[in-house]
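**Q** Would you mind keeping the following structure in view while I ask a few things?
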Amino acid sequence: MQTIDLARRCAELGAVEDACNAYILALHQGGLSPEERMETAVYLLRMGGNYRIAYTQFVQLYHEGQFREECLDIMTQAFYQPNVKLMKNRYEKNCAALKKYPYLFRTDFPQFEELTLRFYPYDDNGYLPFDPEKQEFGGYVNYNHPVVSRNFFKNLDDPILAQDVYSQYELEYLTDNVRPSEDIGRENHLYLHYASWETFCAHLQVLNLRELLKQKKIVFLFGEEISRYPIDFQEMYGIDYSQYPVKPIGVKDIHRLIWHTQLSSDNGGDFFNEVFDNHPNLICLPSVMLDYVEKSIQEVKDTFDKADKERAYGNIPNFEEELTRQCYWNGNRSDKDILVMLFMLQGPFMGGLDHAARIAPALFFQPHFGHLDYDLTHGEHDRTVLLCEQYDKVRSSPVFKAFKYIKTFTPVRRFTTSAAATFRWQIEKRSLLKDKEEKLKGKLVVASDLAMDRSLNRSFMIDPEDRLYKDSVLVRFEDGKTNPRATFTALAAFLDIPYTESMTYCSSQGIHDVETAEGNVIGFDTATVYRTYDDYATDEERAFIEFCLRDAYQFYGYDFHYYDGGPVDEERIKQWVEGFTKVNKFIALSWKNNVLADATLKDNGEKPTEEQREGVLADIIRKYDAVRLKLAKRLMGSLYFVNKNGQPLRMMPKLELDPALLREPLYH
């Protein structure tokens, strides 16, 4: 029996849920005729099945020229007419507000029934526009999709001019981040130019402009009215903005966050911080430990709570810093506002901030962790679940939740190079191999298995529906070093900030080309691109990493240097693991010097013999080997990952560079 026949039989028997599932399965299997697809869509819609599947089938059949009249009639009755009253009401309210608005120079709004587009709601977030004249459906549009799609703020010499902006999210973004003319002492209206008056009016069904008009910040221009840009407000309206003094950036002016993520250690994070240092449109500090940030925010809250209690006794708090006074008296005191205040109080890092800029600055934030711990577990249907406690902490942070606009970028460095460089840092900087006990957060320090850790670390994989990653990009460290102009021009465009002179050099607190950390190369020196740190990794360890991350190598444009790309069986994995001689050596030495040196036996309290110590070390290495084998065997099959909620994970998009700006061939 065909699946479609099974669906019909279930329908005949009144088994609605089973029938719906069978119809959906039949669609997924494919091979249905247009009549059968129409039958399926009608049943799902009529019987309360998955309406999105029915909706999609109606649209596809319509595009194919199948049952066009019937499909349009069903969609109009089922999806458009129940919502038309709401859209008409929204349109009329927008028109009424715009007719009174001083900076829109035409009022010939068409009647609702004459609009050139109809919007068919698809879900709670978006629509399919329909052109009645062309009798065509457009693609799905979510006007609140939280992505800034273009470089609005590329040039700040003149007032912002934006073309055909139909995203509610982007309209609010522009309104929130373009500063009032009164704040900067010069004309600074936001000019929105639309090629078609008719198309603009049609979108008033699905946009809400009334709140955006209250500040009278926007100037609307249509077609040839572009010749009015920019308007001389003193001549046309008698308004002289030059009489206003520049207002310093305040805590409440900051609405957007640039999250510089920590993919792993030794990934070029310091380098990117040095490039963005002293940018006139960023509130920017080097990386800071997230635990320290949270502690500092709590200390400010405690101070404010103490001040509240003093006020109850008539003692008015007198904070020394203006920003602290703002934060205390503004009535909100959110974690976000306190974080902005703490950043802006770091005077040496704020020297480049332009308080007269046309746009409000973004907060450039790189919360840091001592270590990122990733783990893989088995999920349903034999899927691999990717877990990371540190990033769960970021996602739940009230600081991140409070920012309305978030751009995320992640630096990545060749994984084998990054792992070996981190191992070198652990050994040389943390003194892991000294003949003494070292402590970190109360724990004995031993060398970690960075080859395995780096193979597990897949923080470049994201849930596209995660709010923090909807507007994200991955940037290769090697590109930033070998092609700095192409890389940082593209990154500035993605982050929607100007590519400024401050991004053409590396600095700290505005001081050019300083050694921000011991051992870091200066500026755009490419030496670290080509280092392989052979003293800290074997070829087998690096082949293991490349195999486990082979999908990332391909997606992000890295060639294999140690793994030949061929088939891998369990025997080959064992050969690689047997070659983990350097990492095993460092792990064993760190355990021997930092743990076993002062260890005693449980039964008699005496120190173990050298032979006993070697036996313990051998057991430790065997346990490491077992975990390595288990990991690689798990990754021998399909590299398909989900998060703990079962949502599929995808690669973070890679920043693409303009070929015309390349100074060197792309690194591979």
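**Q** Determine if region 116-131 includes at least one residue that is in contact (Cβ under 8 Å) with a residue 12 or more places away in the chain, more than 30 Å from Asp73 (Cα to Cα) and among the basic types (Lys, Arg).
**A** Among the residues of region 116-131, not one is in contact (Cβ under 8 Å) with a residue 12 or more places away in the chain, more than 30 Å from Asp73 (Cα to Cα) and among the basic types (Lys, Arg), which makes the answer no.
**Q** Considering only residues that are closer than 16 Å to Ala421 by Cα and hydroxyl-bearing (Ser, Thr, Tyr), which ones fall in region 527-562?
**A** Scanning region 527-562 gives Thr528, Tyr530, Thr532, Tyr533, Tyr536, Thr538.
**Q** Here is a follow-up. Tally up the residues in region 421-460 that are at pLDDT 80 or above and assigned to a loop (DSSP other than H, G, I, E, B), please.
**A** Of the residues in region 421-460, 5 are at pLDDT 80 or above and assigned to a loop (DSSP other than H, G, I, E, B).
**Q** Another question about this same structure. Among (1) in contact with a strand residue (DSSP E or B) (Cβ under 9 Å, 6 or more places away or on another chain); (2) at pLDDT 80 or above, there is one condition Thr377 misses while meeting the rest; what is its number?
**A** Of everything listed in (1) in contact with a strand residue (DSSP E or B) (Cβ under 9 Å, 6 or more places away or on another chain); (2) at pLDDT 80 or above, Thr377 misses just condition (2).
**Q** Take the residues of region 619-668 that are of a type in the set (Gly, Ala, Ser) and within 20 Å of Pro567 (Cβ to Cβ): which is surrounded by the most Cβ atoms within 10 Å (Cβ to Cβ)? Walk me through it before giving the result.
**A** Step one: filter region 619-668 for residues of a type in the set (Gly, Ala, Ser), giving 626, 632, 637-638, 646, 660.
Still in the list and also within 20 Å of Pro567 (Cβ to Cβ): 632, 637-638.
Working: Ala632: 21, Gly637: 9, Ser638: 10.
Top of the filtered list is Ala632.
**Q** Identify, please: which residue in region 226-240 is surrounded by fewer than 13 Cβ atoms within 10 Å (Cβ to Cβ) and hydroxyl-bearing (Ser, Thr, Tyr) and is, among those, nearest to the chain's Cα centre (by Cα)?
**A** Checked region 226-240; the qualifying residue nearest to the chain's Cα centre (by Cα) is Ser227.
**Q** Now, a different point. Can you name the residue in region 599-615 that is open to solvent by 90 Å² or more (accessible area, probe 1.4 Å) and of a type in the set (Lys, Arg) and, of all such residues, is modelled with the highest pLDDT?
**A** Looking at residues that are open to solvent by 90 Å² or more (accessible area, probe 1.4 Å) and of a type in the set (Lys, Arg), I get Lys607.
**Q** Turning to a different aspect of this structure: Name the one entry in Phe547, Phe555 that is open to solvent by 70 Å² or more (accessible area, probe 1.4 Å) and within 30 Å of the chain's Cα centre (by Cα).
**A** Checking each option against the conditions leaves just Phe555.
**Q** Test Phe415 against the stated conditions and say whether it is under 17 Å from Asn267 (Cα atoms), among the aromatic types (Phe, Trp, Tyr) and modelled with pLDDT of 85 or more.
**A** yes
**Q** Can you find a residue in region 63-75 that is of a type in the set (A, V, I, L, M), assigned to a loop (DSSP other than H, G, I, E, B) and touching a helix residue (DSSP H, G or I) at 6+ places or on another chain (Cβ under 7 Å)?
**A** no
**Q** Now, a different point. Among the listed residues Asp308, Asp291, which satisfies the condition of being under 22 Å from the mean Cα position of the chain (by Cα), farther than 30 Å from Tyr505 by Cα and in a helix (DSSP H, G or I)?
**A** After ruling out the rest, the residue left standing is Asp291.
**Q** Among (1) open to solvent by 20 Å² or more (accessible area, probe 1.4 Å); (2) closer than 18 Å to Ile249 by Cα, which single condition is Ala360 missing?
**A** Going through (1) open to solvent by 20 Å² or more (accessible area, probe 1.4 Å); (2) closer than 18 Å to Ile249 by Cα one by one, Ala360 breaks only (1).
**Q** Additional query: Give the residue, chosen from Leu372, Leu376, that is under 30 Å from His279 (Cα atoms) and not hydroxyl-bearing (Ser, Thr, Tyr).
**A** Just one listed residue meets the conditions, Leu372.
Rundown of residues vs (1) among the acidic types (Asp, Glu); (2) in contact with a Lys or Arg (Cβ under 6 Å, 6 or more places away or on another chain), yes/no style:
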residue: Glu170; (1), (2): yes, no
residue: Tyr173; (1), (2): no, no
residue: Asp176; (1), (2): yes, no
residue: Leu190; (1), (2): no, yes
residue: Leu204; (1), (2): no, no
residue: Leu212; (1), (2): no, no
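**Q** Which residues, taken from region 110-121, are open to solvent by less than 80 Å² (accessible area, probe 1.4 Å) and not hydroxyl-bearing (Ser, Thr, Tyr)?
**A** Hits for region 110-121 are Pro110, Phe112, Leu115, Leu117, Arg118, Phe119, Pro121.
**Q** What residue, among those in region 322-361 that are in a helix (DSSP H, G or I) and of a type in the set (D, E, K, R), is farthest from Ile184 (Cα to Cα)?
**A** Taking region 322-361 first, the residues in a helix (DSSP H, G or I) are 322-329, 335-344, 347-349.
Applying the additional criterion that residues be of a type in the set (D, E, K, R) yields 322, 325, 335-337.
Numbers: Glu322: 19, Arg325: 22, Asp335: 27, Lys336: 24, Asp337: 22 Å.
My answer is Asp335.
**Q** Let me ask something additional. Mind listing just one residue for me: the one in region 466-504 that is in a loop (DSSP other than H, G, I, E, B) and at pLDDT 95 or above and, of those, nearest to the chain's Cα centre (by Cα)? Before the answer, list the steps.
**A** Initial filter on region 466-504 (in a loop (DSSP other than H, G, I, E, B)): 466, 470-471, 483, 496-500.
Add one more test, that the residue is at pLDDT 95 or above, and what stays is 471, 483, 496-500.
On the way: Asp471: 5, Asn483: 23, Asp496: 14, Ile497: 16, Pro498: 19, Tyr499: 20, Thr500: 23 Å.
That would be Asp471.
**Q** Condition first: within 24 Å of Thr107 (Cα to Cα) and either more than 30 Å from the chain's Cα centre (by Cα) or open to solvent by 30 Å² or more (accessible area, probe 1.4 Å) (or both). Can you find one or more residues in region 173-194 that meet it?
**A** No, every residue in region 173-194 fails to be within 24 Å of Thr107 (Cα to Cα) and either more than 30 Å from the chain's Cα centre (by Cα) or open to solvent by 30 Å² or more (accessible area, probe 1.4 Å) (or both).
**Q** Does at least one position in region 315-324 carry a residue that is of a type in the set (Ser, Thr, Tyr), surrounded by 14 or more Cβ atoms within 10 Å (Cβ to Cβ) and either closer than 25 Å to Phe153 by Cβ or in contact with a Ser or Thr (Cβ under 7 Å, 6 or more places away or on another chain) (or both)?
**A** Scanning region 315-324, I find no residue that is of a type in the set (Ser, Thr, Tyr), surrounded by 14 or more Cβ atoms within 10 Å (Cβ to Cβ) and either closer than 25 Å to Phe153 by Cβ or in contact with a Ser or Thr (Cβ under 7 Å, 6 or more places away or on another chain) (or both), so the answer is no.
**Q** Still on this structure, I have one more. Would you say His279 is touching an Asp or Glu at 6+ places or on another chain (Cβ under 7 Å) and either surrounded by fewer than 20 Cβ atoms within 10 Å (Cβ to Cβ) or under 30 Å from Phe409 (Cα atoms) (or both)?
**A** Against the criterion (touching an Asp or Glu at 6+ places or on another chain (Cβ under 7 Å) and either surrounded by fewer than 20 Cβ atoms within 10 Å (Cβ to Cβ) or under 30 Å from Phe409 (Cα atoms) (or both)), His279 does not qualify.
**Q** May I pose another question? Give the residues of region 316-350 that are within 30 Å of His512 (Cβ to Cβ), within 29 Å of the chain's Cα centre (by Cα) and not polar (S, T, N, Q), sorted by residue number.
**A** Residues satisfying the conditions are Leu323, Leu339, Val340, Met341, Leu342, Phe343, Met344, Leu345, Gly347, Pro348, Phe349, Met350.
**Q** Further, regarding this structure: Among the candidates Gly30, Gly14, single out the residue that is surrounded by fewer than 19 Cβ atoms within 10 Å (Cβ to Cβ), farther than 27 Å from Glu136 by Cα, modelled with pLDDT under 95 and not aliphatic (A, V, I, L, M).
**A** Gly14
**Q** Quick one: which residue in Lys85, Lys99 is exposed (fewer than 15 other Cβ atoms within 10 Å of the Cβ), free of Cβ contacts under 8 Å to residues at least 60 places away in the same chain and closer than 30 Å to Glu225 by Cα?
**A** Result of the check over Lys85, Lys99: Lys99.
**Q** Is it true that Leu44 is assigned to a helix (DSSP H, G or I), on the phi < 0 side of the Ramachandran plot, open to solvent by less than 80 Å² (accessible area, probe 1.4 Å) and among the hydrophobic types (A, V, I, L, M, F, W, C)?
**A** In short, yes.
**Q** Sticking with this one: Yes or no: Tyr166 aromatic (Phe, Trp, Tyr) and open to solvent by 30 Å² or more (accessible area, probe 1.4 Å)?
**A** yes
**Q** Here are the criteria: (1) farther than 30 Å from Met350 by Cα; (2) assigned to a helix (DSSP H, G or I); (3) open to solvent by 20 Å² or more (accessible area, probe 1.4 Å). Tell me which single one Phe200 does not satisfy.
**A** Unmet for Phe200, out of (1) farther than 30 Å from Met350 by Cα; (2) assigned to a helix (DSSP H, G or I); (3) open to solvent by 20 Å² or more (accessible area, probe 1.4 Å): (3).
**Q** Search region 241-269 for residues being closer than 30 Å to Arg414 by Cα and open to solvent by 20 Å² or more (accessible area, probe 1.4 Å), and hand back the single one that is modelled with the highest pLDDT.
**A** My answer is Asp266.
**Q** Turning to a different aspect of this structure: If Leu339 passes every condition in (1) open to solvent by less than 40 Å² (accessible area, probe 1.4 Å); (2) farther than 20 Å from Leu290 by Cβ but one, which one does it miss?
**A** Of (1) open to solvent by less than 40 Å² (accessible area, probe 1.4 Å); (2) farther than 20 Å from Leu290 by Cβ, only one is false for Leu339: (2).
**Q** Something else: All but one of (1) open to solvent by 30 Å² or more (accessible area, probe 1.4 Å); (2) farther than 15 Å from Val206 by Cβ; (3) part of a helix (DSSP H, G or I) hold for Thr107; which doesn't?
**A** Failing condition for Thr107: (3).
**Q** Of the residues Val206, Val219, which single one is part of a strand (DSSP E or B), over 26 Å from the mean Cα position of the chain (by Cα) and in contact (Cβ under 8 Å) with a residue 40 or more places away in the chain?
**A** The conditions single out Val219.
The values are calculated or read from the model by the stated rules, or taken from the named source; none is laboratory data. Predicted, not measured: the structure shown is a model, and the values here were computed from it. Note: ideal-geometry Cβ built from the backbone for every residue, glycine included; neighbour counts use all protein chains shown. The protein model used for the area step is the full one, side chains on, heavy atoms only, and it has no ligands, DNA or RNA in it. Shrake-Rupley method; radii C 1.70, N 1.55, O 1.52, S 1.80 Å.
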